[in-house]
Amino acid sequence: MARAESETRMKWLKRILVTLLAIVGISAMALFLAGLRDGAHTMTVHVEVNKPRAAVWAHFHDPEKLKGWVNWLAEVKSLTPGNEGVGAREVWIMIDRNNNNERMEISNEITAIEPGRRVAFRLWVPKEFDGTATYEFEEAGANRTIVTGKSSYRFVNGFVQFMAPVVLRFAEKKMAADMEQFKVNVEKE
């Protein structure tokens, strides 16, 4: 009798183990497939600001004002003082609240600019990620501007790259919250 009970327990343990492995395997496959879909490494946000485009651009482009709406941004260091056009480089010093307040230095370089209308730049953290971002400013009436931000990233760490669909959804929420704060700040002035 004891032997039969022991065999029954082992069968149930095996079934449970196989079921758990299947769940983990299916979840990993779903995450892998999510990372392959178009746009999996891209974030897009839109915000409508009740101010003219010139006022919106000025607020977006001012390093001191950036710290008022980019959450975690502690400092902006210009590496090319006086250059605000293509080739201008900055380092954003971020305090990453999701990573034990770790200091992160994000380098960026303007790759295209149409003042008041559009700015594109490359962003990178060595051994972490490389990406691009574009912000467009569209007039939507006399005192309304639609700001659209789109960014795309590739991660160096294989595990983080695998987890990109999850990581970027959190980053997109932060980006949307930052743009909402941007709207509030611009409309206050």
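Inside segment 156-189, can you point out the residues that are assigned to a loop (DSSP other than H, G, I, E, B) and under 20 Å from N99 (Cβ atoms)?
Correct list: V156, N157, M163.
Of the residues in segment 158-189, how many are closer than 23 Å to L73 by Cβ, over 10 Å from the mean Cα position of the chain (by Cα) and either modelled with pLDDT of 90 or more or not hydrophobic (A, V, I, L, M, F, W, C) (or both)?
Adding up the residues that qualify gives 13.
Residue-wise test of (1) under 20 Å from M163 (Cβ atoms); (2) touching a His at 6+ places or on another chain (Cβ under 8 Å); (3) at pLDDT below 80.
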position	(1), (2), (3)
L17	no, no, yes
L36	yes, no, yes
V47	no, no, no
N50	no, no, no
T80	no, no, no
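When you scan segment 83-95, do you find a residue that is touching a residue at least 60 places away in the same chain (Cβ under 8 Å), surrounded by 18 or more Cβ atoms within 10 Å (Cβ to Cβ), over 16 Å from V186 (Cα atoms) and in contact with a Ser or Thr (Cβ under 9 Å, 6 or more places away or on another chain), even just one?
No.
Conditions: (1) under 14 Å from T42 (Cα atoms); (2) within 11 Å of the chain's Cα centre (by Cα); (3) not in a strand (DSSP E or B). Y153 meets all but one. Number of the miss?
Result: Y153 passes all but (3).
Scan segment 151-189 for residues that are surrounded by fewer than 15 Cβ atoms within 10 Å (Cβ to Cβ) and among the charged types (D, E, K, R) and report the count.
Qualifying residue count for the region: 7.
Considering only segment 52-62, how many residues are exposed (fewer than 14 other Cβ atoms within 10 Å of the Cβ) and either in a helix (DSSP H, G or I) or touching a strand residue (DSSP E or B) at 6+ places or on another chain (Cβ under 9 Å) (or both)?
Here is the first cut: in segment 52-62, the ones exposed (fewer than 14 other Cβ atoms within 10 Å of the Cβ) are 54, 62.
Of the ones still in play, those that are also either in a helix (DSSP H, G or I) or touching a strand residue (DSSP E or B) at 6+ places or on another chain (Cβ under 9 Å) (or both) are 54.
So the count comes out to 1.
T145: at pLDDT 90 or above, assigned by TED's automatic domain parsing to the domain that holds V76 and under 23 Å from V91 (Cα atoms), yes or no?
Values: at pLDDT 90 or above: yes; assigned by TED's automatic domain parsing to the domain that holds V76: yes; under 23 Å from V91 (Cα atoms): no.
For T145, the condition - at pLDDT 90 or above, assigned by TED's automatic domain parsing to the domain that holds V76 and under 23 Å from V91 (Cα atoms) - is not met.
List pairs: first residue in segment 133-146 and aromatic (F, W, Y), second residue part of a strand (DSSP E or B) anywhere in the structure, Cβ distance under 6 angstrom, at least six positions apart or on different chains.
Y135/V119; Y135/G149; F137/T145; F137/V147
For segment 112-126, enumerate the residues that are loosely packed, with under 15 Cβ neighbours inside 10 Å and in a strand (DSSP E or B).
A112, E114, R122
Here is a list of conditions, (1) within 21 Å of T132 (Cα to Cα); (2) surrounded by 15 or more Cβ atoms within 10 Å (Cβ to Cβ); (3) of a type in the set (A, V, I, L, M, F, W, C), and V49 meets all of them except one; can you say which number that is?
The single condition V49 does not satisfy is (1).
The values are calculated or read from the model by the stated rules, or taken from the named source; none is laboratory data. Note that the structure is a prediction, hence the values are computed from the model and not measured. Ideal geometry is used to build each Cβ from the backbone, glycine not excepted, and the neighbour counts take in all protein chains shown.
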